[in-house]
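Here's the structure we're looking at; comments come further down.
Values quoted throughout were computed directly from the atomic coordinates according to the rules given, and no laboratory measurement underlies them. Here the structure is a predicted model, which is why all the values come from computation and not from measurement. No Cβ is skipped: glycine too gets one built from the backbone with ideal geometry, and neighbour counts run over all protein chains shown.
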Amino acid sequence: MRQRITLAFTGASGAPYGLRLLQCLLEADCEVYVLLSKAARVVIGTETDLKLPAGTGAAETALRDWSGTDKGRLVVCGLEQWTAPVASGSGAPAAMVVCPCSTGTLSAIANGASDNLIERAADVAIKERRHLILVPREAPLSALHLENMLKLARLGVTILPAAPGFYHRPRRVEDLVDFVVARLLDHLGVPQTLVARWGEKEG
């Protein structure tokens, strides 16, 4: 049975992290529900060569073509698609990742706003005690950002900043991206060979 995961993209910088994670999840034969904020579409087009067309169906096709794999299952949901499985506790996947996660989205989730499908899916993950991972990419962090993170961490949310390590001796930007994605895959329980764990030798 395929592992079902919600992956949301927001307007924070760091689109390559989310896209690489999507690629790895599909390669691992996962079923992925993708949620895209309007700002995320702009950031993806700015930070990568991928230009996502308007409409969920067209975006789904573009992401499938971009991923370069025919494995897994990819479903793009609209921000106001309240009938999507991710909007209900009875149908939501076992895990959700917001990558990258803007501080605005983080604040909305911390305060239970649920004004769009990303916020609602995160709210469902929290209330159903599912695994929710937020990947903020902001610097410096204000006291407000830190308070929101602490509030969510106390609810069991995993805060995993886009802060790559260097002990694996990265040679390319892609190596830094893979470091963060490898940590995400580890937390999701998805096997990965992107980066050797501390104490392990490169395979």
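Peptides 109-119, 159-169 ranked from most to least packed by the mean count of surrounding Cβ atoms within 10 Å: 109-119, 159-169. The alpha carbons of the stretch 144-200 stretch over 35, 23, 19 Å along the principal axes, in descending order.
Phi angles of the stretch 111-120 translate, via the Karplus equation with coefficients 6.51, -1.76, 1.60 and θ = phi - 60°, into HN-Hα couplings of 10, x, 5, 6, 7, 9, 5, 4, 5, 5 Hz per residue; Gly and Pro are given as x. Backbone amide hydrogens, once placed in the peptide plane, bring residue 31 within less than 5 Å of 3, 4, 5, 73, excluding anything fewer than 5 places away on its chain.
Around the amide H of residue 194, modelled in the peptide plane, lies no amide H under 5 Å away from a residue 5 or more places distant or on another chain. Taking Cα centre as origin and charging only the Cβ of basic (Lys, Arg, +1) and acidic (Asp, Glu, -1) residues, the dipole magnitude of the stretch 7-61 rounds to 300 debye.
If R0 is 30 Å, the Cβ-Cβ spacing of residue 144 and residue 38 corresponds to a FRET efficiency of close to 0.80. Scanning residues 5 or more positions from residue 8 or on other chains, those with amide H under 5 Å from its amide H are 35, 97, 98, 99, with H placed 1.01 Å from N in the peptide plane.
In the stretch 1-112, the ratio of gyration radius to Kirkwood radius, Rg to Rh, stands at 0.93 when only Cα atoms are counted. Rounded to 0.05, the FRET efficiency of the residue 129 and residue 29 pair, given R0 = 22 Å and the Cβ-Cβ distance, is 0.30.
Inter-part distance, the stretch 95-129 to the stretch 17-47, computed on C-alpha centroids, equals 16 Å. Dimensions of the chain based on its C-alpha atoms, expressed as ranges along the principal axes with the largest first, amount to 45, 41, 35 Å. In this Cβ point-charge picture (+1 for Lys and Arg, -1 for Asp and Glu), the chain has a dipole of about 280 debye about its Cα centre. Spacing of the modelled spin labels on residue 197 and residue 13, each 7 Å from Cα toward Cβ, amounts to 3.2 nm.
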